[in-house]
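Read-outs: derived from the displayed coordinates by stated rules, not from any lab. Bear in mind that the values here come from a model prediction, so they are computed numbers and not experimental data. No Cβ is skipped: glycine too gets one built from the backbone with ideal geometry, and neighbour counts run over all protein chains shown.
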């Protein structure tokens, strides 16, 4: 037993390590007083959980934004971090005439708010000075065209709201909570960050420009979730009221692990010291070169964006936050820590091994080493779309695949300079190809994955260098002869160097040219002009029954489009969903086409189409005022007319024609033999060949009247007038 205690006492203490190194060390002085078996139980496999594999299956932020914009019965649970432009998920909206009331969920928890900016269908709007967070007030009215005049009003709840805004409840609420068609006081989405709205569709002429989408797309830029900062005095991990807003990448990652709804990690299961050290690294100011003469430093690692929670492994779901710091999550004996992309001095220098084989890999196969690394990030100055930086070369990389470039996704990074720094670190790391596998003695117990080690072997200089620990696994062998325990530590090391993390702004920073992006002009190309045809040429032949009227429309395709969405409306103000069209299905002229069926003959229709490709949806292409026509008519006029005069009245009849399209017979009466002088006297439903009688009374004595008949059909067709008949009342 004395031998075992001696081993523990010989372990390097944390007092001599730097703050980042100390945070990663798995063994502390507290362990020395523990029973040996308890000590061994808390030392287990330590390894990096690389975010690279998770990044391959991770959904893009642009895809997430499109998905959560769709109305659903159960809005997805999401956390918004930092300061980012987020798309809202509609809770069920309510309509009354031209008015739409509703609530959009942006964050499934309270938010800080800060300076709030709003976009409607990709157009940033200006608001009046009303406090939009006051739910007892009139709301913040949009004052920019084309919404001037109260067509859009907002109230924003930061999580402390208890009911819908008073103004909306007064117009469309039920305070008793009994009418399911109205809003109830309990519909406040308490504890969530929401945006309540009141939209007025307005008149038919301005409506297409004001509301290009049937369900308007609303985006908000704000300061989102408040975070616990363990470095702050008075910040209680269990009291969100003591937390503050932060874009610090490590604090966002710590929050996601602790607060997520899938699998929460308690403080006892987290290597809190590593997150504290990583938060300090993330806050470090980094110099910038551009714009020349006006550049200001920025924090080393920030995170801005959205995580939508699902049932997947939690480590995979938080990988965008880990990637924003260029680091890796570290599992140490079941606990979880984080190692950011920053240099730290070696914890110890290894001069001896504990037996076993030593394997040194000097170079990776060419197929595993790209020639460059390209970062893809979210660019606020480009309408919050994805953007790329110039690829950073990998030292010694030969390139594989089509262009030999490896992409890293930085969905939670909104700074192009931060994206450049992370790409450069990734490229330089790849360029250091040496890997070392060996078995270390108990003196190396202070090493954990993510920490640095130096090697200096007296008899093997080729193994000397600086390394990052990728994994280390303590093992034990019992010896009955000596009555003791010997510990062995199988270890995997990857070459590392301080200059991997160096950043010289004047030499390393790429100038990003800020483009004036017109948000209302989407990157995806609109379909070509729409041409519509209706009437007999496109009526649907039912094979014996009456043809069905319809409108056929077609348009030139977009080369990059994967599919097309279309909508329509008749005399009602709201657009209705038509469906999606496969861009590969074309007519003989090479146009994409579809049919609107059924239609009401004699009614004007509007139709609009937009394309979708890998970048998103285009703007709408619209055709208006398409009058729906029916198929050709086979109606002949009624025949065999007869009229007889009497005392102050005339009676008569016509025989209806034979036609499957016949619905009714109209009787017209006038003073002359010209049907143009006649007026409609009666409309009688009729079948083929039936006798349709008529009587006109109150005529007086010796009055002559002329009568005509015509048939009316299924699609509002009419026949020509019949031959006229006449009669005179008694003298």
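What order do you get for 121-131, 417-427 when each peptide is scored by the mean count of other beta carbon atoms within 10 Å, highest first?
417-427, 121-131
Cut-off is 10 Å between beta-carbons; in what order do 77, 151 appear when sorted fewest neighbours first?
Lowest to highest Cβ neighbour count: 77, 151.
Estimate the FRET efficiency between residue 45 and residue 585 by the formula 1/(1 + (r/R0)^6), using the beta-carbon distance for r and 41 Å for R0, to the nearest 0.05.
0.15
Could you list 135, 708 so that the one with the fewest beta carbons within 10 Å of its beta carbon is first and the one with the most is last?
So the residues, fewest neighbours to most, are 135, 708.
Remind me, relative contact order of the stretch 531-627 in percent, using alpha carbon pairs under 8 angstrom and six or more residues apart?
Taking the mean separation of contacting Cα pairs over the length of the stretch 531-627, I get 28 percent.
Per-residue counts of other Cβ atoms within 10 Å, averaged by peptide: what ranking do you get for 270-277, 495-502, highest first?
270-277, 495-502
Would you mind ranking 604, 115 so that the residue whose beta carbon has the fewest other beta carbons within 10 Å leads the list?
115, 604
Rounded to the nearest 0.05, what FRET efficiency do residue 148 and residue 614 give with R0 = 45 Å and r taken as the Cβ-Cβ distance? Could you check?
Using R0 = 45 Å, I get an efficiency of 0.80.
With 23 Å as the cut-off, how large is the P(r) tail for the stretch 531-627, expressed as percent of Cα-Cα pairs?
Result for the distance tail: 27 percent.
I'd like the FRET efficiency for residue 393 and residue 117, computed as 1/(1 + (r/R0)^6) with the beta carbon distance as r and R0 of 45 Å, rounded to 0.05.
0.75
Along Cα→Cβ, 7 Å out, is where each label goes; now give me the distance between the ones at residue 627 and residue 95 in nm to one decimal.
About 2.7 nm, to one decimal.
Given N residues in the stretch 253-347, what is Rg(Cα) / (2.2 N^0.38 Å)?
Taking the Cα Rg and dividing by 2.2 N^0.38 Å, one obtains 1.23.
Using a cut-off of under 17 Å, list every residue of the stretch 696-731 whose amide N is near the label point 7 Å from the Cα of residue 636 along the Cα-to-beta-carbon line.
Only 709-713, 718-724 fall inside the zone, counting backbone N under 17 Å.
Kirkwood Rh over alpha-carbon pairs of the stretch 639-728, then Stokes-Einstein at 20 °C and 1.002 mPa s: what D in µm² s⁻¹, rounded to an integer?
Rounded, D is 164 µm²/s.
Express in nm, to one decimal, how much length is gained between residue 162 and residue 233 on full extension, taking 0.36 nm for each residue of separation and deducting their alpha carbon distance.
Fully extending the segment from residue 162 to residue 233 adds 22.5 nm.
Show me 663-672, 320-329 ranked by packing, highest mean number of other Cβ atoms within 10 Å first.
Taking the mean over residues of other Cβ atoms within 10 Å, the ranking is 320-329, 663-672.
Report the label-to-label distance for residue 508 and residue 695 in nanometres (one decimal), using points 7 Å from each Cα along the Cα→Cβ vector.
Inter-label distance under the simple model: 10.3 nm.
Return the distance in nm (one decimal) between the two label points of a simple spin-label model at residue 597 and residue 186, each offset 7 Å from Cα along Cα→Cβ.
That separation, rounded to one decimal, is 4.7 nm.
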